[in-house]
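**Student:** First, the structure itself, so that you have it in front of you.
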Amino acid sequence: MAKHCGVLQVGAVQGGGTVGASTVQGNRVVSSFEVPVAIEYELTVGDRHFKKIRCCEPALAPFIAENHGNEVCIYTFKQIPRTDVMLAVTSKDGPSYQMTSGRMYLTIFAQIFLVLIVGLPLLLIPVIGWILSPLAFFFTGKYVLELYSTWQTMNKDG
């Protein structure tokens, strides 16, 4: 996890909204479960510039727009292996927001699932399997411990 503090400058914004299916039944439209789509920002916090940082929490979007030009701290982590994900935003003047525990648990599960989906087929190849199996356990444990320590730090910092 990384903590970046400084003046927030917001650039381009992509994504947002929800994705879901709906069916027409007679004169009414019945919507199924809707899933929020992540918002990707181009922003600068202090001296750190993010070309693409993902915000998976819909409640953070208005907070970021309102705090353009204010002093903030942003907590991020690298999702496998390249995308920065915004976990929390704290403001010196106003409220603070962080990713909900349910969404954090889903993020942890997605990290583990991705390592297993990529690693299991490689482990089934006999020659490569005995070499890669320790690496699979290492990377799975690394991501779980990193995300758990991130979550604990966020809860401790408030």
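None of the figures in this text is laboratory data; all of them are computed from the coordinates on show. Being a predicted model, the structure only gives us computed values, none of them experimental. Cβ sites come from the backbone with ideal geometry, for glycine too, and all protein chains shown count toward neighbours.
**Student:** Give me the number: length gained by fully extending GLU146 to LEU120, i.e. 0.36 nm times residue separation minus the C-alpha to C-alpha distance, one decimal in nm. It would help to have the intermediate numbers written out before the result.
**Tutor:** On the way: separation 26, 0.36 × 26 = 9.36 nm, distance 2.16 nm.
Taking GLU146 through LEU120 to full extension adds about 7.2 nm, to one decimal.
**Student:** Pop the C-beta distance of THR23 and PHE138 into the FRET formula with R0 = 30 Å and round what comes out to the nearest 0.05. Can you show the working numbers first?
**Tutor:** Values: r = 46 Å, r/R0 = 1.54.
Given R0 = 30 Å and the Cβ-Cβ separation, E is 0.05.
**Student:** Between SER91 and ALA2, how high is the FRET efficiency from 1/(1 + (r/R0)^6) when r is the Cβ-Cβ distance and R₀ = 22 Å? Nearest 0.05.
**Tutor:** On the way: r = 18 Å, r/R0 = 0.81.
For SER91 and ALA2, the calculated efficiency is 0.80.
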